[in-house]
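Novice: Dropping a structure here in structure tokens format, bear with me for questions.
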Amino acid sequence: MNKPNADRPINRFIYLVFLIGLGFLWTGTAYIVQAYRLLNDLDGETVNLIVCGLYYLLQASGIAIVALLYRSRNPLAGGRLLPLISTLLIISSTSLAMLSNLLIVIISAGALMNLAIGVLSACYLTRLATDLPKKYRGLVFGSAYALGSIGSWLLSLPMNGKFLWNELSLLAIIIPAAFSLLLLLRLAPPQNTANISDPISFTFERRDFWLAGLLLFLLSAVNMIGFSFPLHNASESVYIEFTRAFYALGLVIAGLVSDKSRKLGAICCLASLAFPFAALALGGSMTGETVMWIFAYLFLGFFAVYRILLFSDIADSVGLPELAVLGLLAGRLGEAVGSLGHLLPKTPLILLAAFLFVLVILLFFMLHHRYYSTVISTDELEKRQFELYAVRCNFSVREKEIFQFILQGMSNSEIAKTLFITESTVKFHIGHILKKTGFSSRSELIADYKQLNR
């Protein structure tokens, strides 16, 4: 009998690197080709608003669709059909955009393409939480994204760097997509198991989810604004080959560092926001500005890795895979808003970025003061494990109360007296608890809880 994928972590590691990386490569190429196609008919400012504003919003919508499907139709969200349909939609819409001469058709086809890119990205990135141990996620994502980044740049080099402007560039999308489809045939159902034995350092409450989402939204907005600063000297000395190479290197380093220490990776992510400001401050020096801009792209890898890992770890810990995509969703929304910074004059743009940067720092330490706490009492650990189990099983407030009394060994009558409800009501809630957990008796439920917490 073949062992499941979880028993072969290295094989799974390599498979997901190529599945996600190849997906980034050809969808990223399709995104660039679409931008170049629009530049034939529109000015750069308008194209930027479309591809970084409207299209990022549509990618966010696609990501949200997958999250909702995981919530209501888990087999569809975690299967092969959804990424297969998304792949075919991206190929067909990109082809339509490249072959059409009507601007409305080009923009509409691009809109459909980016909606499908959001769906496909969410399908693949959810697997970081469901299919990989925590210690591999950063390196898998960083390596995959680096593969896609370098690959899309290499595809742009023929014809003196103008290949992606040509209709033949459609082959650079279709051929890698075909290999993606072959890899997709080996995609197994998600593991979808909560990692109770390696929980996050505190129990996430509703406000914490909103705080984490707001943090990633503002991080992405500030990052987008920072890279929109007009830098005369850097633009003359930093070319795409430099940015791609340092960005790819930064992604791999960020993955390694984050897997070793999530806290250090998060701090490096925060530091990445400072480099565009530093480059701006050194505007009188070509060497200084160039060095800062290179560091900005190097540390950008920590930003990309952090926003994916934050919610991937949360999703794994509570056993809710739909949460894994919220980091990318918040990021795409933030990038869409940040792209509007191009409309502001330089001075107001810098002041806005500085204000948002300070706000990001405050939110960062509000969240991570709790998230990265290292000293946890036994009582707090037990409470956290109980909450994680209850969230994974989707217990109601009353069911959580009764479940806690079950773990204490109380009888139905004792629970009824304690909660001032009838014994039949207690039996009703216990029936729901057993149905949600899939057990037929209290003893099986208690044994499962203790086994997971061991």
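The values are calculated or read from the model by the stated rules, or taken from the named source; none is laboratory data. Model, not experiment: these values are computed from the prediction. Cβ sites come from the backbone with ideal geometry, for glycine too, and all protein chains shown count toward neighbours. When the accessible area is computed, the model is the full protein with side chains, heavy atoms only, and any ligands, DNA or RNA have been set aside. Shrake-Rupley method; radii C 1.70, N 1.55, O 1.52, S 1.80 Å.
Novice: Tell me which lysines have Cα within less than 17 Å of residue 263's Cα, excluding those fewer than 8 residues away on the same chain?
Specialist: Within the straight-line cut-off, residue 263 pairs with 134, 135.
Novice: Here's another thing I want to ask about it. Run the reach check for residue 400 against lysines, Cα to Cα strictly under 21 Å, same-chain hits fewer than 8 apart removed. What comes back?
Specialist: 383, 417, 427, 435, 436, 450
Novice: Still on this structure: In percent, how large is the relative contact order of the chain, given Cα pairs closer than 8 Å and 6 or more residues apart?
Specialist: Answer for the chain is 21 percent.
Novice: With label points built 7 Å along Cα→Cβ from the Cα atoms of residue 179 and residue 260, find their separation and express it in nm.
Specialist: Result: 3.0 nm between the two label points.
Novice: Still on this structure, please answer the following. Counting only Cα atoms, I'd like the Rg/Rh figure for region 46-168, Kirkwood definition for Rh. Don't jump to the answer; show the numbers that get you there.
Specialist: Values: Rg = 16.3 Å, Rh = 16.1 Å.
Over the Cα atoms of region 46-168, Rg/Rh equals 1.01.
Novice: Along the positive direction of the dipole of the chain (beta-carbon charges: Lys, Arg +1; Asp, Glu -1; about the Cα centre), which of 410, 47, 18 reaches farthest?
Specialist: Farthest towards the positive pole: 410.
Novice: Putting +1 on Lys and Arg Cβ atoms and -1 on Asp and Glu Cβ atoms, find which of 129, 98, 29 reaches farthest to the positive end of the dipole of region 1-159.
Specialist: 129
Novice: Given the options 367, 331, 320, identify the residue whose Cα lies farthest towards the positive end of the charge dipole of region 320-451 (+1 on Cβ of Lys, Arg; -1 on Cβ of Asp, Glu).
Specialist: Checked the options; the winner is 331.
Novice: When the gyration tensor of region 117-156 is built from Cα positions, what are the square roots of 5 times its three eigenvalues, in whole Å, from largest to smallest?
Specialist: 22, 14, 5
Novice: Please identify the helices of the chain, taking whole runs of DSSP H, that span at least 24 Å along their own axis as judged from the Cα atoms and have a mean Kyte-Doolittle score of -0.5 or higher.
Specialist: What comes out of the filter, once short or polar helices are dropped, is 9-39, 55-72, 81-99, 103-131, 134-155, 206-226, 240-260, 286-318, 346-371.
Novice: Output the peptides 24-32, 390-398 sorted from most to least packed, where packing is the average of other Cβ atoms within 10 Å over each peptide's residues.
Specialist: Going from most to least packed, we get 24-32, 390-398.
Novice: Can you tell me the dipole magnitude for the chain around its Cα centre, using point charges on the Cβ only (Lys, Arg +1; Asp, Glu -1), in Debye to the nearest 20?
Specialist: My answer is approximately 1020 debye.
Novice: In what order, largest first, do 369, 429, 342 sit by accessible area if the probe radius is 1.4 Å?
Specialist: 369, 342, 429
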